[in-house]
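Before any comments, here is the structure.
The values are calculated or read from the model by the stated rules, or taken from the named source; none is laboratory data. Given the structure is predicted, the values throughout are model-derived calculations rather than measurements. Here the Cβ positions follow ideal geometry from the backbone for every residue, glycine too, while neighbour counts run over all protein chains shown.
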Amino acid sequence: MNVVQSVDSVALLPAYLAAGTAVLVLITDLLVARPRATIAVAALGALGTAVGSALVGAGAERRTFCVGADCSWIFGGRATVVAVVVALLTVGVLGLSVPALRAGRSPVGEYAFLLACSMTGGVVLGAAGDLITLIVALETLTLPLYVLVGLRRGSLASAEAAVTFFVVSVVATTLTLLGAALLYAVTGGLHLDRLGTLLAEQPELRDLPLTTAAVAVLLVGLAFKVAAVPFHAWAPATYDGAPLPVAAYLSTASKLGGLVALLAVVQRALPADQTGPVLALLAVLTMTVGNLVALRQRRTVRLLAWSSVAQAGYILAPLGALALAAGRTDEARSAAYAAAVAYAVFFVVLELAAFAGVTALRPAGADGGTLDDLRGAARRHPWRAAAFGLALVGLAGLPPGLAGLFAKVTVVRALLDGGAAWLALVVALNAVIGLAYYLRVTAALWAPTTTPGPAAALAGGGASGVPVGGVVAVVLAVATVAAVVLGVAPQLVLDLAGR
Amino acid sequence: MTFGQGLLVAVLAVPALGAVAVAATPRDRAARLVGTVAAALTLLAAVPLVFGGRGWVAWSADAPAVRPWHQLDLAWVPGLELRFHLGVDGISWPLVVLTALLTLLCCAYTMWRVPDGGSGRALVALLLVVEVGILGTFLALDLVLFFLFFEVVLLPMYAIIAGWGGADRRRAARKFALYTLFGSVLLLVGVYVVVAAAGTADLVTLTGGAGMSRGTQLAAFTLLALAFAVKSPLWPLHSWLPDAHTQAPTVGSVMLAGVLLKMGTYGLIRVAVGVAPEGARWAAPVLGVLAVAAILIGSLVCLAQSDVKRLIAYSSVGHMGFVLLGVATLTATGIQAALIGNVAHGVITGLLFFLAGAVKDRTGTGTLAELSGLRETAPRLAGLLAFAAIASLGLPGLAGFWGEAFAVIAAVQVGGPLWTTLGVLAAVGGALTAAYFLRLLRQVTHNRPSPAVGQVGPGLAGAELTAWVPLVLLALAIGLAPTLVLGVAEAPVDALIGVVSR
């Protein structure tokens, strides 16, 4: 038996680039010790990762670390999309962090290094071909975030948020590992495709109570990561306590990571007739609870956090179609997976734009504040408020935020193709609840400021309004342009998601 | 690209670009002028759509039921079955012209008076965006595109109410947005129920059912009809309407009542009935009963109203009831009545809201108890109000007559105990309509002038006359020559009835 494996380094290039970025950031911080240089290196590295992933992904699917037909590293269409999106999101979040880092609220080198590490996890995640790689990648994505959440100096809320996040996340990881171990005990395999084949070919394995338990535990563990109800309670506290850019990262890249992990096991490993009902239930609960609780929020970031819980429900919804036999035909299944990925891509663009909007309308290094702090922001910063408003309207799924509209349309379409009309109706009605609070925030931007609130006082102290640098405005502009482009040409996303 | 296709594009592109130009023009008054010019150009592009393209209307067994005079079909998002497919025919053209006309009048009116709340520039830009959405809805021949344009209207209209409305505007605007979105998400689900079953979103192909099973058609019709019932609005889903109409600024009320509601009835005819005829036949009695309930309840509520704008708003519920009754009969007469009722309601209620706004602006109150004797101090305004009210109550010779009369006739013609009863009840509702409008006139125009009315001068501004005269003339013209609307609509309605009753 040949124990020396041939390793396809081209397939691994995205991971090399991401990990290299992290190392380079550390070295730059050590040797150059200039915040500007560190941030620039991190941003360039992340951009390079995006470009490299796109180049590798442009070719045919590449596999490596194979045992027989089963491979641990499969860099195909979806892996490319995930790697590019995560890397670009990292660039965006770095841009959003610039004012906070300048204000000295967090140590620059550590911050950029941790972000690059987390990006590495995200890049690897999409290509994972076995449960171990998948869980390790997911942990690499999450682990740096425990620190990043708590990295706001002198903030008790930040420390609390970090502890909450850490405890919940460790429990989730344990559950996921337990699920993986149980599956291994049942089947003797860890490769996703092998698991899928084994469970499909041997119905007696599937009927074992242990298998059901393993599937349930695995799904629950991953549901924690996407903050699906009832495993969502950590998200609002964590988002609100974290620095704004980290909250943006949590609700975009980290959520995308959770979804990709969930998709990987659902699509390739687990029997759809067992996962389908669980996912349908999770989706309904997640969007309904998320939307209803978001209605009552007064703090901006908490509202966005609950809304992002609800959005996770929409992302999961197409997978709920697997609950019905009509949704388990090959065609309907691939449509459902593609719809989930497409929704996630539309969503992360809009969510990044929304967080960039909050950051751009708030003083440097500040938290999200309350909705009252945003009142009348459009009078002070018409363009920034317009971009923020567009992102919110997009999240609500209405024109002129066409990207969000097409995202909802994609989900509804996939559900109806899968015969799950009831779930499509639930999604549709949730969109109505969602509009209520998105509209509240958007309307607040243009509302007249009646009393000089804390925002006005702060604005008076700074140089005419919010002293946030140009980098944030650039991120906001780029995210907005991306959202507009995707709104006009959604076929781009649909094609990529279907690969 | 042919001349007709160019016109189709222009009808949407001119107001869209106009809105951008308005937003980009720094000076308020100049911006409003730019917007008015854009609206005028849109009207100029909409009117000639009627010419040409009708060479091949000759009937044949396999001709599609929708035969647009002009059409434009471009690919957009194949993954979602969305094509940029526009077309115009006799059912949509009168509504397109009505929309373009009312937007122009509203923009022109805004040149003269900007309601409190925000800049006139933003208001005009929003009006133009609303126009794009409405025109797109009327022109779309692709179901998904139809849904898209249906949604475009929602937020700009919300902003108009919330930004320039009355004292309770925020609540009213929110209610409008949530109710309407509730309708349009049902539309979304309905649209994709159809698309999933038929495999296409092309309205030309789909009209007539496209071989969809009975179950699918019933489900699709239920969803679509609910969606359009919210928009129209059909009792009991109407409760957003009085608040929104009352709180909206004058131009907002005119757009809402004049053309926004028509998106619902137009959708019902073109999409719900056309795509799911079997579902339509199944649900027709329910629709008919609800429509008559709307007529009666709307009229009775109007009798008890104490606010001018609210009364006119509720009168819309009753009038749209007649339109829906016409649709529900599923006969050529009924649908013709619905179409002309649509246009007449747009003209007359648009005028009524303009006049109510003028009364409210002058006296500072809209409460009926505080208004009386308007004809003593402002005879011309009182005369116009009387004209509009009488046109609205359906006096023969004015526009309101045809829609109401023929809806009743169509119901009686269908026959059977149910429809005859419905026809009779609708006629009773017509009498009630006369009662509340005469009550309105007696209170506002007769008696001695109240203190609020006493200070009103007799004059009318030039801008007001400019905005009102075209509507007065149209109300007369459609009343005297209904063939203006019915002539162009006859062929497409016959074709539609042909497939519905197949």
Exercise for the section: Could you please let me know if B:Thr110 is within 14 Å of chain A (Cβ to nearest Cβ), among the polar types (S, T, N, Q) and touching a residue at least 12 places away in the same chain (Cβ under 8 Å)? Expected result: no
Practice task
Filter the stretch B:163-180 for residues that are within 17 Å of B:Val254 (Cβ to Cβ) and either within 10 Å of another protein chain (Cβ to nearest Cβ) or without any contact (Cβ under 8 Å) to a residue 24 or more places away in the chain (or both) and give the result.
Solution key: B:Gly163, B:Ala173
Exercise for the section: Could you list all residues from the stretch A:409-429 that are touching a helix residue (DSSP H, G or I) at 6+ places or on another chain (Cβ under 8 Å), surrounded by fewer than 24 Cβ atoms within 10 Å (Cβ to Cβ), part of a helix (DSSP H, G or I) and more than 7 Å from chain B (Cβ to nearest Cβ)? Expected result: A:Val426
Practice task
Name the helices (runs of 4 or more DSSP H) wholly inside the stretch A:179-235 in which the number of residues that are modelled with pLDDT of 85 or more is 3 or more.
Solution key: A:192-201, A:209-225
Fill in the blank from the handout: Scanning the stretch A:368-391 for residues that are of a type in the set (Gly, Ala, Ser) and part of a loop (DSSP other than H, G, I, E, B), the one farthest from A:Val246 (Cα to Cα) turns out to be A:Gly376
Fill in the blank from the handout: Flagged in the stretch B:288-313 as touching a Pro at 6+ places or on another chain (Cβ under 6 Å) and buried (at least 24 other Cβ atoms within 10 Å of the Cβ), in numbering order, are B:Ala313
Practice task
Can you tell me which residue within the stretch B:135-160, out of those that are β-branched (Val, Ile, Thr) and within 11 Å of chain A (Cβ to nearest Cβ), is surrounded by the most Cβ atoms within 10 Å (Cβ to Cβ)?
Solution key: B:Val153
Exercise for the section: Scan the stretch B:186-196 for residues that are facing chain A (nearest Cβ under 7 Å), under 17 Å from A:Asn430 (Cβ atoms) and either hydrophobic (A, V, I, L, M, F, W, C) or within 23 Å of the chain's Cα centre (by Cα) (or both) and report the count. Expected result: 3
Exercise for the section: Return the only residue of A:Val93, A:Val67, A:Val81 being surrounded by fewer than 21 Cβ atoms within 10 Å (Cβ to Cβ), in contact (Cβ under 8 Å) with a residue 60 or more places away in the chain and closer than 27 Å to A:Ala11 by Cβ. Expected result: A:Val67
Problem - From B:Gly183, B:Gly199, B:Gly252, residue being touching a Cys at 6+ places or on another chain (Cβ under 9 Å) and either in contact (Cβ under 8 Å) with a residue 12 or more places away in the chain or within 11 Å of chain A (Cβ to nearest Cβ) (or both) - result: B:Gly252
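Results for (1) in contact with a Gly (Cβ under 8 Å, 6 or more places away or on another chain); (2) of a type in the set (D, E, K, R); (3) in the same structural domain as A:Tyr337 (by TED's automatic domain parsing); (4) assigned to a helix (DSSP H, G or I), shown as yes or no for each residue.
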position	(1), (2), (3), (4)
A:Val51	no, no, no, yes
A:Val56	no, no, no, yes
A:Phe65	yes, no, no, no
A:Ile74	yes, no, no, no
A:Arg78	yes, yes, no, yes
A:Val86	yes, no, no, yes
Problem - Residue match in the stretch A:158-181 (condition: over 26 Å from A:Ala100 (Cβ atoms), surrounded by 23 or more Cβ atoms within 10 Å (Cβ to Cβ) and in contact with a Ser or Thr (Cβ under 8 Å, 6 or more places away or on another chain)) - result: no
Practice task
Please enumerate the residues belonging to the stretch A:31-57 that are at pLDDT 90 or above, surrounded by fewer than 18 Cβ atoms within 10 Å (Cβ to Cβ) and within 13 Å of A:Ala112 (Cβ to Cβ).
Solution key: A:Ala37, A:Ala40, A:Leu44
Completion exercise
When B:Gln413 is run through (1) in a helix (DSSP H, G or I); (2) within 22 Å of the chain's Cα centre (by Cα), the failure sits at (2)
Exercise for the section: Determine if the stretch B:78-96 includes at least one residue that is within 14 Å of chain A (Cβ to nearest Cβ), in a strand (DSSP E or B) and free of Cβ contacts under 8 Å to residues at least 12 places away in the same chain. Expected result: no
